[in-house]
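Read-outs throughout are calculated quantities, based only on the coordinates presented, and are distinct from any laboratory measurement. Just so it is clear, the structure is predicted and the values come from calculations on it, not from any experiment. Methodologically, a virtual Cβ is constructed for each residue, glycine included, from the backbone with ideal geometry; neighbour enumeration extends over all protein chains shown.
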Amino acid sequence: MNDIIIIGGGASGMMAAITAAREGKSVLILERLNRIGKKILVTGNGRCNVSNTNLKPEHFHSRSQKAIFGPIEAFDYGKTEAFFKELGIEPLIEGTKVYPRSEQANSVLDVLRMELEELEVDVLTEVKVVGLKNKKSVWEVEAESGEVYMAEKVIMATGGLANASLGCDGLGYEILKKLGHTVIPTYPILVHALSSSPYCKMMKGTKVKAVASAYVNGKCEREEFGEVLFTEDGLSGPAIFQISRNISCAHIQKKKAMVTLDLVPEQSYDEVVAMIYERIAAKPERSIELLLMGFLNKRVIVPVLKCADINSIHRNCDTLEYEEVEHLVKVLKGFPFETQGTRGYKYAQVTAGGISVDEIDLETMASLKAPHLYVTGEILDVDGDCGGYNLQWAWATGYIAGINCSK
Ligand SMILES: Cc1cc2nc3c(=O)[nH]c(=O)nc-3n(C[C@H](O)[C@H](O)[C@H](O)COP(=O)(O)OP(=O)(O)OC[C@H]3O[C@@H](n4cnc5c(N)ncnc54)[C@H](O)[C@@H]3O)c2cc1C
């Protein structure tokens, strides 16, 4: 019998295992896939955005009113950097995003696996856990094969629903539900937004820098500046990923959600009007189609003109009526795209919602529903913005659970 069984060998499970083993505990990781940490390999487009130097409460979200920033304060960026440096990972900081200097996610996984080996943590792969029972202060962990593993303490680190091919199918929620926990409704986030707007198809493959805003039932809920990529079926790119939380949540609540793109965020509405008239005055004989050449990406110009209802784009630009210029500027400052939800869990990086943190002691990550049970990482109703915040949540909660279940 081990002191501690960790269910799920992902980011938070490995961190918990290393921490508990360093405290002298015998630890067993049970992982359903044929390898631990597979998801880490695909993070940050294979570069692993391991953390962020700008860890602030506004980057973490939950349906709970509880102060969810506590674990991040307890295991902050400094501690994360020190932990990885000790394992050999030098940080590469881009803006505030932190990557391994090798720019290889597999080096992050390699050092974690080497540390687990050095600490003699037992790892069993291809073990799918299906149930948990507490009998006379001993946890019985039931695998799908019928095998039962026993330990004094259990850490549940099975992740959410995002990217099921990487091991996460939500079974962890069911197991914890049976122990009395509540699952806050989940939805996929950090994901492409679906839009049937014909302009997405027209511009597919084109990237622009814009302020993307998420409007839910007509109210702007979030704005984000960054790259936006148009695709066959909608909108993608970092700015869209950040606001996808609002689009996805609106979709499950059957509310109307829309994305608008400010293609000229550096100028006010009036400045853009003035700029258009300056361009007309400079080259009055140019066609309307060419008016924005050199100012906007070529592939975006015609969709913008069409959306602004400007017809006959081959006439001279000095024939534009004032109302037409107004329509054009309105679209430049807020190109609208109705959305029909997102591409879903299959393509999402993270799951919002999950096990209610009201039922977790966030100072220890202990369950308030069952004794000697700890819960970490994405399975909890906490999600972070795009930019290393989700892995930071996994490292922090894994560390806290590892330390506290070793006491
Ligand atoms: C494509 C992609 C890119 C991402 N990029 C980044 C990034 O750059 N930066 C960032 O901060 N975050 C990123 N994320 C999010 C981040 O990877 C996760 O939030 C984080 O890995 C969650 O850690 P976790 O330990 O809670 O769960 P996971 O890392 O998902 O690990 C859970 C583990 O539990 C196992 N498991 C599940 N059920 C069972 C069961 N019943 N029995 C046994 N084992 C089970 C799974 O196989 C899995 O190995 C990305 C996610 C994806 C999908």
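Return the FRET efficiency for the residue pair K135, K346: r is the Cβ-Cβ distance, R0 is 25 Å, and the value is rounded to the nearest 0.05.
Working: r = 38 Å, r/R0 = 1.51.
It comes to 0.10.
For E58 and K177, FRET efficiency with R0 = 35 Å and r from the beta-carbon atoms, rounded to 0.05?
Details: r = 30 Å, r/R0 = 0.86.
The formula returns an efficiency of 0.70 here.
Charge dipole (Cα centre; +1 on Lys/Arg Cβ, -1 on Asp/Glu Cβ; no other charges) of the chain amounts to roughly 740 debye. For K85, the aspartates and glutamates whose Cα falls under 15 Å of its own Cα, not counting residues fewer than eight places away in the same chain, are D76, E103, D110, E115. Among V382, V211, V121, sorting on how many other beta-carbon atoms sit within 10 Å of each Cβ, with the fewest leading, yields V211, V121, V382. Relative to the longest principal Cα axis of the chain, at what angle does helix 269-282 sit, 0 to 90 degrees, rounded to 10? It is inclined by approximately 40 degrees. When the convex hull of its Cα atoms is viewed from all sides, the range 134-265 shows a mean projected area of 11.0 nm².
Have a look at the DSSP beta bridges in the chain and tell me what percent are antiparallel, nearest 5. The antiparallel proportion sits near 75 percent.
Taking other Cβ atoms within 10 Å as a rough exposure proxy, E90, E378 sort from fewest to most as E90, E378.
Contact order, relative form, for the range 192-343: 31 percent (alpha carbon pairs under 8 Å, 6 or more residues apart, mean separation divided by residue count). Computed from the Cβ-Cβ distance with R0 of 60 Å, the FRET efficiency linking L166 to L290 stands at 0.80.
Within the same chain, lysines fewer than 8 places from K254 are excluded, and of the rest, those with a Cα less than 22 Å from its Cα are K219, K346. With the simple model of a label 7 Å out from the Cα in the direction of the Cβ, Y277 to M150 spans 8.5 nm.
Quick check on the exposure proxy: order T260, T342, T319 from fewest to most C-beta atoms within 10 angstrom. Could you put the intermediate results ahead of the total?
Details: T260 19, T342 25, T319 12.
Placing the least packed residue first, the sequence is T319, T260, T342.
Can you tally the net charge around F60? Count Lys and Arg as +1, Asp and Glu as -1, for every other residue whose Cβ sits under 9 Å from the Cβ of F60. The partial results should precede the final answer.
Values: positive: K56; negative: E58, D383, D385.
Counting the neighbours of F60, the net charge comes to -2.
Pairs exceeding 22 Å between alpha-carbon atoms, taken from K207/K283; K133/K153; K177/K407: K207/K283; K177/K407.
Each Cα pair under 8 Å and six or more residues apart adds its separation to the average, and for the range 334-407 the resulting relative contact order is 28 percent.
Pairs to check: K256/K330; K201/K330; K25/K66; K79/K135; K136/K369. Give those whose C-alpha atoms are more than 26 Å from each other in this structure.
Details: K256/K330 21 Å; K201/K330 21 Å; K25/K66 31 Å; K79/K135 37 Å; K136/K369 16 Å.
In this structure, K25/K66; K79/K135 exceed 26 Å between Cα atoms.
Straight-line reach from K178: taking Cα to Cα under 15 Å and skipping same-chain neighbours fewer than 8 places apart, the aspartates and glutamates in range are E140, E142, E359. Helical content alone sets the calculated 222 nm signal of the chain at -9500 deg cm²/dmol, taking -39,500 (n - 2.57) per DSSP H segment of four or more residues and averaging over every residue.
Express the relative contact order of the chain as a whole percentage, based on alpha carbon pairs under 8 Å and six or more residues apart in sequence. Don't skip to the end; give the middle numbers.
Numbers: 927 pairs, mean separation 101.2, N = 407.
It comes to 25 percent, rounded to a whole number.
Could you bin all the Cα-Cα distances of the range 192-343 into 5 Å bins starting at 0 and give me the percent of pairs in each, rounded to whole numbers? Reading the bins upward from 0: 2, 10, 19, 22, 17, 13, 9, 5, 2, 0, 0.
Among DSSP beta bridges whose residues both lie in the range 192-343, state the antiparallel percentage, nearest 5. Can you show the working numbers first?
Details: 27 of 28 bridges.
If we restrict to bridges inside the range 192-343, about 95 percent are antiparallel.
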